[in-house]
1. Taking the options K156, K100, name whichever one is more than 18 Å from A22 (Cβ to Cβ) and either basic (K, R) or not in a loop (DSSP other than H, G, I, E, B) (or both).
2. Identify, please: which residue in the stretch 111-143 is among the aliphatic types (A, V, I, L, M) and farther than 18 Å from L89 by Cβ and is, among those, nearest to the chain's Cα centre (by Cα)?
3. Do you know which of the residues in the stretch 32-58 that are modelled with pLDDT under 80 and assigned to a loop (DSSP other than H, G, I, E, B) is nearest to K80 (Cα to Cα)?
4. With the requirement that a residue be surrounded by fewer than 11 Cβ atoms within 10 Å (Cβ to Cβ) and either among the hydroxyl-bearing types (S, T, Y) or in contact (Cβ under 8 Å) with a residue 12 or more places away in the chain (or both), what does the stretch 48-85 give you?
5. Kindly list, by first and then second residue, each pair from a residue in the stretch 101-122 that is over 16 Å from K9 (Cα atoms) to a residue that is in a helix (DSSP H, G or I), limited to pairs with Cβ atoms under 6 Å and residues at least 6 apart or on different chains.
6. Using beta carbons and a limit of 8 Å, which pairs, at least six apart or on different chains, have the first residue in the stretch 34-47 and closer than 17 Å to I126 by Cα and the second one surrounded by fewer than 16 Cβ atoms within 10 Å (Cβ to Cβ) and of a type in the set (K, R)?
7. Residue under question is G108, and the condition is that it be exposed (fewer than 13 other Cβ atoms within 10 Å of the Cβ) and either modelled with pLDDT under 95 or over 16 Å from the mean Cα position of the chain (by Cα) (or both); does it hold?
Amino acid sequence: MSKVRGFEKVSTFEDINLPKRATKSAAGYDFESAVDIVIPSIWRQGIAKVLKAVLSKEVLTVDANMQKELKATLVPTGVKSYMGDDEFLQIANRSSNPLKNFLVLTNGVGIIDSDYYNNAENEGHIMIQLLNFGLTDKHIKKGDRIAQGIFLPFLKADNDSAKTERTGGFGSSGK
């Protein structure tokens, strides 16, 4: 039987769980964090400084240091995914994350293309981009469920002419 779609461990991770559905009617496969990690509060990252400047109508200078501070945290999953050429894996937030943990996906919805699997740059390692809008840092433990993935088909336009092959890993299709 040939493989159609599923999950595998990235070679640099061993002791992790592959995504699975929590119930028989669940659409999403739950992704877990592969490591213990802290998602810093945006309020500790400098957003308060930005808000203060905006409210007082000060001229805000955004330097490289501030750009570095105000960004999402990439949470490793240790997982890669294979699927058909006409499919993608949609990464969505868990419904409890904003309400209970103050966590949002900074890209709204992640799209994992079929050609991301086993790419030369990072083996297709799926990372979850999280931002913490809570007042305190959020400590995520290895094994905590952080997102969900849903396999979906997609359609191409009549005059589609994309012929470029993937050349890298995370964010490489926009290069």
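1. Details: K100 fails: more than 18 Å from A22 (Cβ to Cβ).
Answer to the check: K156.
2. L131
3. Step one: list which residues in the stretch 32-58 are modelled with pLDDT under 80, which gives 44-54.
Next cut, assigned to a loop (DSSP other than H, G, I, E, B) only: 44-46.
Numbers: R44: 32, Q45: 30, G46: 33 Å.
The extreme case among them is Q45.
4. S56, T61, D85
5. Listed by first residue and then by second, the contacts come to L103/N97; V104/P98.
6. That search, which allows pairs on different chains as well, returns A34/K142; V35/K142; D36/K141; D36/K142.
7. In short, yes.
The values are calculated or read from the model by the stated rules, or taken from the named source; none is laboratory data. Not measured: the values here are computed from a predicted model. Please note: Cβ atoms are built from the backbone with ideal geometry, for glycine as well, and neighbour counts cover all protein chains shown.
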